[in-house]
Each structure stands twice: as C-alpha cells, then as structure tokens.
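Below you'll find the structure, written out as structure tokens, and then a few comments.
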Protein chains: 2
Amino acid sequence: ELGLQEMYFSRETLDRLSGRRTDRAWLDARQKDGNSVYILFSNLSPMVVSSQEDDGTEAETKLCRFRYEDVKDLLQKPSTVLVFLGVDRRKAPPPSSSVEPPAWFAISSDEDAAELLKRCRQTNCCFPTRPNRDLLKLSEEEAGTVAQARSVLAWHSRYSFCPTCGSRTRVEEAGYKRSCLDQDCRSQKGVHNTCYPRVDPVVIMLVIHPDGNQCLLGRKKVFPVGLFSCLAGFIEPGETVEAAVRREVEEESGVKVGAVQYVTCQPWPMPSNLMMGCLAVAVSTDIKVDENEIEEARWFPRQQVIDAVFRGSSPAFIVPPRQTIAHQLIRHWIGMTSNL
Amino acid sequence: ELGLQEMYFSRETLDRLSGRRTDRAWLDARQKDGNSVYILFSNLSPMVVSSQEDDGTEAETKLCRFRYEDVKDLLQKPSTVLVFLGVDRRKAPPPSSSVEPPAWFAISSDEDAAELLKRCRQTNCCFPTRPNRDLLKLSEEEAGTVAQARSVLAWHSRYSFCPTCGSRTRVEEAGYKRSCLDQDCRSQKGVHNTCYPRVDPVVIMLVIHPDGNQCLLGRKKVFPVGLFSCLAGFIEPGETVEAAVRREVEEESGVKVGAVQYVTCQPWPMPSNLMMGCLAVAVSTDIKVDENEIEEARWFPRQQVIDAVFRGSSPAFIVPPRQTIAHQLIRHWIGMTSNL
Ligand SMILES: Nc1ncnc2c1ncn2[C@@H]1O[C@H](COP(=O)(O)O)[C@@H](O)[C@H]1O
Ligand SMILES: Nc1ncnc2c1ncn2[C@@H]1O[C@H](COP(=O)(O)O)[C@@H](O)[C@H]1O
Ligand SMILES: [Mg+2]
Ligand SMILES: [Mg+2]
Ligand SMILES: [Mg+2]
Ligand SMILES: [Mg+2]
Ligand SMILES: [Mg+2]
Ligand SMILES: [Mg+2]
Ligand SMILES: [Zn+2]
Ligand SMILES: [Zn+2]
C-alpha cells in the first residue's frame, strides 16, 4: 500500500454542529442526556485504558467514556472546563426519527488525577504522560476526537487571561470562545482572534534532491537514536505555505528549494498545530545545518528510504511512525515516479 | 491571462534572516545604519503617499520610507514597537562584497497621527483608515512587506499581556517574541505558542456544481451592492484543511462537498490570517444559507462568471478585486476544463 492514507488525528467521527454552540437549551439537554458521552482530561491527557497483548507488548489504547451521572459533580466546579465536541456521525438516526445521535463532551478537571481515575469502572486506566508517544496508540476513530478535544483544552489552559488587557476571561459558546470580563476592554469591540482558539499552521516538507533519487531528512538532538524525519517549522505572519517551506529548509539545512507542492495536512494536538505537508524540490545540495535546531541532516538514497519504511533487515536509519505526516510524505514520495 | 498569478500580499521582497533576531549587536548596527529603511505604523496603518491620476482616480499608494535619523527619537519611547522585517533581496550585493543589503524595520507608534505625518517630507501622506480596501492599492513589491509588518504589529497590539497569567510582557527577538515578566509563569517553562505571533489559518473555497458548469458564491450583508465572493471560514482546532472546507460550506450554504483540492494560499493581514484557497466539488445542490453569516448564496453559471471577471457590458454580479485570493480562485476555475 503506497498511496496516501487517511492521516492519523484526521478522522472526523463527530459532527461539530457549531451552530449549536450558542443554543443553551439544546446544549443543556444534551449534557444531561443519558446517551451523551464524556471524556475526561487531566493535565491535557485523556483518561484511557491500555490493554496488554499476551506477549506483553502494548496494544491499542481506548478512551474511557463516562455518562452524565458519573461526572455531574465535576461540571459544578468552577475550575472545570467543558467543551462540546459534536454528535456521533456513526450513529446518525434515520431522517424521520426524532432520536438524536449521542453528543460528545470533553471535560478538563484539576482534581487529583488518582481520584479521577477511581471514577472509572475499568482497571488499568491512566492519564498517559508522554503525549507525543502515548496519543499515537489510539484507534483512528478516537484519535480525531482527541485531536479536537486536546487542542481546544490546551488553548483554555494557556489562554485563561485576556491578552489585550490582562483581565480574567469567561468560557462561552460551549468551549469555543473566551470573553474578557472587563467590559471596557478593546477585545469587546468588534471581532478579535484573542477570543477564539488558536491553531498554529506549520509546514512539514520532504525535500527531494535535484536528481530525484534522494531525499533530505534531519534529526533533532531529542530524537530517539537513528531516527530521521522531515524538516518542519512554523509559518510566520505574512508568509505563504510555499515561502515558509523555502525559508525553513534553507534555515535548517542550507538547502535552497524551488518548486513546492502541497500534498496533505494533519492536525497535531501538541498543543494545536496544523501540519501542512509538502514536497519540495531542492535546487542546491550542500548541507549546512542550523545547530540550534538540527543535529544532523543528510540526503538519503531512495533504496535506503524504502528499506527503512518497510523495515529491511538492517535499515540505515529509522523513519517516524506511520501515525505521522512525515511518515506518510516519505511513503508518498516512494510511491511516486522520480520526476515531480 | 488565465493561469494562476502571484498572489497579492505574497511577494517576499525581504529575506527575513530569522537567525539574526537574537543577534543584538548585528541588529543594533543595522538599526543605526544610514541605509536602513523604516516604515511607520499608526493604529496598524502604514504611512503612505497616495498619488492621484490626472483624471481624478486614485493611483498606487506608496509606503513612506524613513531613515534612522528621522525616527530615532521614536525608538527611545517605551510604547514604540520595533520589528525587524529582513534585508532587501533586490539589493543583494555580490557574494565577495562586505556591503550589506538595506535592512527594513517597522515601527508602531502611539504618537498623535498628525504629528507623525509631519515627519514626512512628502505631501499627501496619510494613514489610511480602511485597511480592507486601502491596503489593496500598494505595489506588489510593497504589499508583501506590509502583510508581514501589519500581521506582527497587530499581534503586539492585541497580545501585550501574558494570556497564561495576565502579567505584562516584554518584546524580544526583534519583535517576534513576547515573554512574560513574571518569572514564575508557566509560559517560562518550555516552549509555548503564547510567546509567538499568531497566524490564523482560514479556508476559502470555490465550490463547483456537480455539473461542472456553475460555481457557488455568497455575499455577506456588509459587502458592496452586487458583490459575491467565495465562502470562507476559520479552520478549527483538530481539523484538516479539507474537513474545514466541507464543514464551512455546509454551515454557510447547506451544500455538501466531496473532493477538495488545495490550489494556493494568501496571507491576509486583517489582522493575521493565512487564507488556504481550495476548489471543492459539491455533491448536493440545494442552498440553505446561515443567515447569521451570509445574506445570499447562489449558483452562478460559468458564462456569468466570465462576464463578471472580464467586465462584460452588464455583468450579473461583481467579483472581488484581483488582489484577493477569491478572485484568483474564480479565474483559475474559468481557466480549467470543467472536470477536475
Ligand atoms: N507558534 C509557535 N509555537 C511554538 N514555538 C514557536 C512558534 N512560533 C515560533 N516558534 C519558535 O520556533 C521554534 C521551532 O522552530 P521551527 O519549528 O523550525 O519554526 C520554537 O522553539 C520557538 O522558538
Ligand atoms: N481566529 C478567529 N478570528 C476571528 N473570528 C473567529 C476566529 N475563530 C472563529 N471566529 C468566529 O468565526 C466567525 C466568522 O466565521 P467564519 O469565518 O465562517 O469561520 C467570527 O465572527 C467569529 O465569531
Ligand atoms: Mg526552523
Ligand atoms: Mg521557524
Ligand atoms: Mg523546525
Ligand atoms: Mg462560517
Ligand atoms: Mg467558522
Ligand atoms: Mg465564513
Ligand atoms: Zn480584556
Ligand atoms: Zn505569564
């Protein structure tokens, strides 16, 4: 399978129904509905249950799901943040029916984590502590929901004060808005992004050698031994996706880029990035890494990349896991002809 | 000319040299250099000079450029924000030369606008007051620089307090960072987006009718009479570009979308959006507008669109100006065959 696959964190199992965010009565009824599903976050980690395979390896991680009765006390606490995630698309009732599909909510609680875990009837549940690794073990179905919930909650945790005046803010619109409590604040006049969740666009790119048969991968010091990945960087204000690709590649590796082609994107909820995946064709080949960011960057021949992706017997390096857009860009390139 | 053109606000005439942002000595020397160029903002508007054509119509608007000597008093004021924009790519000296190309800086000042205008030797200079219209009159060369400067300055004006704790912040890294003044703030531990300029990704899409011969355009109440444009909306946390296109189109018009194809993007500095331009193929045709956002949406036959773009004798509607990505998406569609 070499084609572009559905990206992890990208499946939209819920219909966000953003129009309902200001419908207090509807939201209130959904909140109290016995079919509604609550997922619980502590310190930006979702409560999950991890099953172990018989051979001791870790299998999939599953979200712990709660009902209104299990969490209604938490909803009373002023420090709790509640976010309406949407309604389950998989359970849409027939058009004629008056039944509503289950609504999903995320709760962020500052209660003691051990106490929160006691609310779950399952054993082995936990709040994983290394999001970059642990959140990659979810099912595709749940990963998209976690991406949405964690990104919004991460915004609440970092943006509880008004950046325009420093006052406290209040949560509105079912968790998608924070309004300044100072009536005279500039943020109250007109529409301002300070009131809305932040999404940071990032470019991530596989740079192709002018010969078409090698690609540029780099590693940061913090990467596991042997791992090389695509270069990436934040899009700056007033910059296009394509210009950001050229700038970041040149900054990090010294390589100059010509044509840039958008391939696909991925939400990355650490905390709330949108990764814009591109192929980029190099027009120079000398490498000079920015040592503040990159430990090493190298041109890898296509065959070495194929061996690494398909786990040949002694691969020259390790590629990022399949859940990452870097992995998918690399696979996509392997699947293409050598000329763009 | 039907091909995709360079987007307004997208030309990178300056090399941002982001590595220099932490190089105090270099920045200091560039600031004081007699060849460096300063552009001046008041209330997020750049000082420009507007020439009038003989027939009374307004011609291009040009940025007023200042030297260090003209603005050094402003640089002393604590309320002034200074942003290093980059060095002029058009004036790159030969590789052997030790001369540096001119550095560009943007200054935001809260001095009285009339007083600021007196600093300029030209007559007819002003701070335009309707950015959505007035900033579209710049040359292509200057528009990209204004996009960068205005986006960063808009962030400073809205984000002068730490959103994590409400304390005041200090400008760092030549205008690309704000750090909390409270040493104990969580934002000081690790890297957090609260310290960096915000860029809001937006989808803007031309929706094509399943028959391939009509496109969906809508108008907001605030649009000039007769103007119809592409639908658009903010990308939400945990969402892909493609999912945002589907969601926003359905929310605003009731039309369901299948395939989505990214075409090109445009920075839109009102205040700091990144418009991701897409074509989207409708899989349903009934229109039901969200009256909170859209006054009217309609399917326009290709010939009517061609007449509107090329100003036929009595066009059925008005398209947005050529500086907008909406205009370019519409032109791009006209230039394509009817099957994607
Ligand atoms: N929105 C942002 N969030 C986090 N770090 C940012 C952001 N914007 C710029 N940075 C800086 O960019 C660095 C990472 O570099 P890069 O990903 O190559 O752009 C971080 O260590 C920060 O110094
Ligand atoms: N980052 C943002 N900046 C401004 N408005 C936003 C933002 N995110 C969501 N909104 C809301 O989205 C509305 C515009 O709708 P749309 O452009 O269709 O998403 C605004 O009136 C705000 O209520
Ligand atoms: Mg970088
Ligand atoms: Mg960067
Ligand atoms: Mg990087
Ligand atoms: Mg909308
Ligand atoms: Mg929206
Ligand atoms: Mg909209
Ligand atoms: Zn405020
Ligand atoms: Zn702080």
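The values are calculated or read from the model by the stated rules, or taken from the named source; none is laboratory data. What you see is a predicted model, and the numbers here were worked out from it, not measured in a lab. No Cβ is skipped: glycine too gets one built from the backbone with ideal geometry, and neighbour counts run over all protein chains shown. Note: areas computed on protein heavy atoms with side chains; ligands, DNA, RNA excluded. Shrake-Rupley method; radii C 1.70, N 1.55, O 1.52, S 1.80 Å.
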Query raised in the report: If a helix is a whole DSSP H run, which ones in chain A reach 20 Å or further along their own axis (Cα) and hold a mean Kyte-Doolittle hydropathy of at least -1.0?
Result: A:140-158
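Where a ≥ b ≥ c are the square roots of the eigenvalues of the C-alpha gyration tensor, would you call the range A:256-316 rounded, which needs a/c under 1.5, or, failing that, prolate if a/b is larger than b/c, or oblate?
Details: a/c = 1.44, a/b = 1.17, b/c = 1.24.
Taking the square roots of the gyration eigenvalues as a ≥ b ≥ c, the range A:256-316 is rounded.
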Report task. Give me the distance between the Cα centres of the range B:107-123 and the range A:271-318, rounded to whole Å. Result -> 49
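Express the C-alpha Rg of the range B:1-112 as a ratio against the empirical globular expectation 2.2 N^0.38 Å, rounded to two decimals.
Numbers: Rg = 16.6 Å, N = 112, 2.2 N^0.38 = 13.2 Å.
Scaled against compact globular proteins, the figure is 1.26.
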Query raised in the report: Taking a ≥ b ≥ c as the square roots of the eigenvalues of the Cα gyration tensor of chain B, is the shape rounded (a/c under 1.5), prolate (a/b larger than b/c) or oblate?
Result: prolate
Report task. Please give the solvent-accessible surface of A:R302 in Å², to the nearest 10, using a probe radius of 1.4 Å with every protein chain present. Result -> 40
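Can you give the charge dipole size of the protein assembly as shown about its Cα centre, rounded to the nearest 20 debye, using +1 on the beta carbon of Lys and Arg and -1 on the beta carbon of Asp and Glu?
Details: 84 positive and 90 negative charges, 159 e Å.
Roughly 760 debye for the protein assembly as shown.
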Query - Where trypsin sites (Lys or Arg not before Pro) fall in DSSP loop in the range A:71-152, at most 11 other Cβ within 10 Å - result: A:K118, A:R121
Report task. With +1 on each Lys and Arg Cβ and -1 on each Asp and Glu Cβ, and nothing else charged, work out how big the dipole of chain A is about its Cα centre, in Debye to the nearest 20. Result -> 780
Query - Cα-based equivalent ellipsoid of the range A:45-179: semi-axis lengths in Å, sorted from largest, via gyration tensor - result: 27, 22, 15
Report summary line: Of the convex hull enclosing the alpha-carbon atoms of the protein assembly as shown, the direction-averaged projected area in nm² is 33.6
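Restricting attention to the range A:71-125, which chymotrypsin sites (Phe, Trp or Tyr not before Pro) occupy a DSSP loop and are surrounded by at most 12 other Cβ atoms within 10 Å?
On the way: sites: A:F84, A:W104, A:F105; in loops: none.
Here no chymotrypsin sites (Phe, Trp or Tyr not before Pro) fit, given the DSSP loop and packing criteria.
So between A:I318 and A:N213, what do we pick up on full extension, going 0.36 nm a residue minus the alpha carbon distance?
Contour length minus the Cα-Cα distance gives 36.0 nm.
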**Report entry** Set of the range A:172-197 residues, backbone N closer than 15 Å to the point 7 Å along the Cα-Cβ line of B:F234
**Finding:** A:172-180, A:187-197
Query - Charge dipole (debye, nearest 20) of the range A:228-320; +1 at Cβ of Lys and Arg, -1 at Cβ of Asp and Glu - result: 460
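Tell me the trypsin sites (Lys or Arg not before Pro) within the range B:166-199 that lie in a loop according to DSSP and have at most 12 other beta-carbon atoms within 10 Å. Could the numbers behind the result be given before it?
Details: sites: B:R168, B:R170, B:K177, B:R178, B:R186, B:K189, B:R198; in loops: B:K189, B:R198.
Filter output for the range B:166-199: B:K189.
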Report task. Determine the calculated [θ] at 222 nm for chain B from helices alone, applying -39500 (n - 2.57) to every DSSP H run no shorter than 4 residues and normalising by the residue count; nearest 500 deg cm²/dmol. Result -> -6500 deg cm²/dmol
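In cubic angstrom, how much convex hull volume per residue do the alpha carbon atoms of the range B:213-340 span?
Details: hull volume 14.4 nm³, N = 128.
Enclosed volume per residue, from the Cα hull, is 112 Å³.
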Requested in this report: For the range A:136-199, compute Rh as the Kirkwood radius over C-alpha pairs and then the Stokes-Einstein diffusion coefficient at 25 °C and 0.890 mPa s; write the answer in µm²/s, rounded to an integer.
Outcome: 192
Query raised in the report: Is the range B:230-281 rounded, prolate or oblate when judged by the Cα gyration tensor, a ≥ b ≥ c being the square roots of its eigenvalues, rounded requiring a/c under 1.5 and prolate requiring a/b larger than b/c?
Result: prolate
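At a threshold of 8 angstrom on Cα-Cα distance, excluding pairs fewer than six apart, so keeping six or more, what relative contact order does chain B reach in percent? Kindly include the intermediate steps, with their values, before the conclusion.
Values: 662 pairs, mean separation 59.0, N = 340.
Relative CO of chain B lands at 17 percent.
With the other protein chains left in place, how much accessible area per residue, in square angstrom, belongs to the protein assembly as shown at a 1.4 angstrom probe? Walk me through the intermediate numbers first.
Numbers: 30270 Å² over 680 residues.
Ligands and nucleic acids excluded, the result is 45 Å² per residue.
Normalising by the residue count of the range B:1-119, find the relative contact order in percent from Cα pairs under 8 Å and 6+ residues apart. Please list the in-between numbers first.
Numbers: 165 pairs, mean separation 37.3, N = 119.
RCO, the range B:1-119: 31 percent.
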Query raised in the report: If each of B:R130 and A:E6 carries a label point 7 Å out from its Cα toward its Cβ, how far apart are those two points in nm?
Result: 4.7
